[in-house]
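Student: Structure in structure tokens, see below.
Nothing in this text is a laboratory measurement; each read-out follows from the coordinates by a stated rule. Bear in mind that the values here come from a model prediction, so they are computed numbers and not experimental data. Heads up, the Cβs are rebuilt from the backbone with ideal geometry, glycines too, and the neighbour counts pull from every protein chain shown.
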Amino acid sequence: MKYAVVLEKEPQSSGAYVPDLPGCVALGETKAETMELIREAMELHLEALREEGERVPEPASSIEYVQVAFTQ
């Protein structure tokens with residue numbers, strides 16, 4: 001399954017979350033580390049849902065970029 005992942009860059013770290021999997025988050029020092037950690041978190045999250053007999057949500061979120069004109 002392929003889910004949208006939102007990455008957020010901070011000065012000293014990088015965070016990620018999965019909109020379709022509430023509570024599935026990861027924090028790393030680099031983008032690469034964060035992507036590895038969110039993949040692991042997603043696998044564990046989905047496994048836990050299955051073990052608990054919960055419905056595994058279908059991927060539904062997507063991402064689009066919107067360009068705006070801005071002048072200072």
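Student: How big is the dipole moment of the chain about its Cα centre under a simple scheme where the beta carbon of each Lys and Arg is +1, that of each Asp and Glu is -1, and everything else is neutral? Debye, nearest 20, please. Show your work: numbers first, answer last.
Tutor: Numbers: 6 positive and 14 negative charges, 56 e Å.
That gives a dipole near 260 debye.
Student: How much mean residue ellipticity at 222 nm does the chain get from its helices, if each DSSP H run of length 4 or more adds -39500 (n - 2.57) and you divide by all residues, to the nearest 500 deg cm²/dmol? Working shown, then result.
Tutor: Working: 1 runs with 21 residues, N = 72.
The helix-only estimate for the chain comes to -10000 deg cm²/dmol at 222 nm.
Student: Could you work out which residue, out of P57, P22, P11, moves most in a Gaussian network model of the chain, that is, has the largest mean-square fluctuation with Cα springs under 10 Å?
Tutor: Of the options given, P11 has the highest mean-square fluctuation.
Student: What angle, in degrees between 0 and 90 and rounded to the nearest 10, separates the Cα long axis of helix 31-51 from the longest principal axis of the Cα atoms of the chain?
Tutor: Relative to the chain, helix 31-51 is tipped by roughly 30 degrees.
Student: For the chain, what is the largest minus smallest coordinate of the Cα atoms on each principal axis, given in angstrom and ordered from greatest to least?
Tutor: 53, 27, 16
Student: Under 11 Å from a point placed 7 Å out from the Cα of R50 along the Cα-to-Cβ direction: which residues of the stretch 1-26 have their backbone N that close?
Tutor: Correct set: 1.
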